[in-house]
Each structure stands twice: as structure tokens, then as C-alpha cells.
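All remarks here apply to the structure that follows.
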Amino acid sequence: QVQLVESGGGLVQAGGSLRLSCAASGRTFSWYSIGWFRQAPGKERKFVAVINWNTGTADYEDFLEGRFTISRDKSENTVNLTMNSLKPEDTAVYYCAASTISLPRLRSFYDTWGQGTQVTVSS
């Protein structure tokens with residue numbers, strides 16, 4: 001069975017950077033899109049960014065203001081989320097997920113989810 005595994009989370013000061021990675025175990029990425037979501041304590045899981053695995057086309061949530069970049073590494077079979085100029089409000093558990101739909105923003109279109117990785121940004 002396919003599993004998605006996130007890594008790269010941690011504690012960082014405001015203004016710092018982190019790079020999250022999402023790797024597939026059991027098989028290579030053959031879905032249409034890989035997305036990142038985040039969930040802060042007591043809040044709903046929200047869309048962050050998504051990339052079409054085949055074309056590299058990406059879509060981002062507007063609130064990111066260009067601070068995050070999603071990319072794919074076909075040689076490593078990973079999808080990365082590079083986060084710059086981090087703010088305390090970026091603190092959340094970050095999840096990657098896979099979808100057979102091209103560039104979806106809705107959670108319901110994602111079939112497989114990782115376990116999440118914690119990102120904490122201190123002020």
C-alpha cells in the first residue's frame with residue numbers, strides 16, 4: 001500500500017526558512033497532483049499549495065504572498081515545499097496529499113495523506 005511520508009519540519013525563528021519534503025513509499029508518484037495542506041491547533045486543515053507531477057504547474061493559496069514554493073524532484077521522487085520569511089502564524093502541522101485530479105484545492109479531492117510534520121515558528 002502506498003504511503004506518503006513528510007519530513008523537514010521543526011522549530012524556526014520568525015523570518016527563517018524551512019524545506020518540507022513529501023516522499024512516496026511503496027511506489028513512485030503516478031498521481032496527477034501532490035498538494036500541501038496545514039492545520040493549526042483548533043482550526044481546519046487548509047490548502048497551501050499543489051503541483052501537477054507531470055507538468056510542474058503549481059497553484060498557491062493567496063495568503064502566502066509568494067513566500068512558499070512547491071517543487072518536484074523526479075529523480076528523488078519527492079515533492080518539496082520551501083518556506084521563506086516564516087511567520088508565527090505559519091505554525092501548524094503540514095500534510096502532503098495525493099490526488100488524481102489536476103491541481104485541486106479541496107481536501108475531498110485528495111485520496112492519500114501523509115501523517116504530517118510539525119512546523120513551529122517562534123516570534
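The values are calculated or read from the model by the stated rules, or taken from the named source; none is laboratory data. Quick caveat, the model's predicted, so the values are computed rather than measured. When we count neighbours, we look across all protein chains shown, and the Cβ atoms used for this are built from the backbone with ideal geometry, even at glycine. For accessibility, only protein heavy atoms count, side chains too; no ligands or nucleic acids. Shrake-Rupley method; radii C 1.70, N 1.55, O 1.52, S 1.80 Å.
Could you tell me whether any residue of region 69-76 is open to solvent by less than 50 Å² (accessible area, probe 1.4 Å) and part of a loop (DSSP other than H, G, I, E, B)?
Among the residues of region 69-76, not one is open to solvent by less than 50 Å² (accessible area, probe 1.4 Å) and part of a loop (DSSP other than H, G, I, E, B), which makes the answer no.
State whether the residues of region 80-96 include one that is modelled with pLDDT under 95 and within 18 Å of L4 (Cα to Cα).
Within region 80-96, none of the residues are modelled with pLDDT under 95 and within 18 Å of L4 (Cα to Cα).
Please go through (1) surrounded by fewer than 12 Cβ atoms within 10 Å (Cβ to Cβ); (2) under 16 Å from A92 (Cβ atoms) for L18 and return the number of the only condition it doesn't satisfy.
Here L18 clears every test but (1).
Identify, by number, the condition in (1) surrounded by fewer than 14 Cβ atoms within 10 Å (Cβ to Cβ); (2) within 16 Å of T117 (Cα to Cα) that F63 doesn't meet.
(2)
Please name all residue pairs, on different chains or six or more residues apart, with Cβ atoms under 8 Å, provided the first residue is in region 5-20 and is modelled with pLDDT of 95 or more and the second residue is basic (K, R).
That search, which allows pairs on different chains as well, returns G8/R19; A14/K87.
Which of the residues that make up region 77-92 are open to solvent by 20 Å² or more (accessible area, probe 1.4 Å), in contact (Cβ under 8 Å) with a residue 60 or more places away in the chain and either assigned to a strand (DSSP E or B) or among the charged types (D, E, K, R) (or both)?
T82, K87, listed by residue number.
Would you mention how many residues in region 50-68 are part of a loop (DSSP other than H, G, I, E, B), more than 20 Å from L4 (Cα to Cα) and in contact with a Phe, Trp or Tyr (Cβ under 9 Å, 6 or more places away or on another chain)?
2
For a quick check of your reading of the model, give me the residue pairs whose first member lies in region 45-65 and is more than 14 Å from C96 (Cα to Cα) and without any contact (Cβ under 8 Å) to a residue 60 or more places away in the chain, whose second is aromatic (F, W, Y) and open to solvent by 50 Å² or more (accessible area, probe 1.4 Å), with beta-carbon atoms closer than 9 Å and at least 6 apart or on different chains.
Pairs that qualify, where the first residue is more than 14 Å from C96 (Cα to Cα) and without any contact (Cβ under 8 Å) to a residue 60 or more places away in the chain and the partner is aromatic (F, W, Y) and open to solvent by 50 Å² or more (accessible area, probe 1.4 Å), are N54/Y32.
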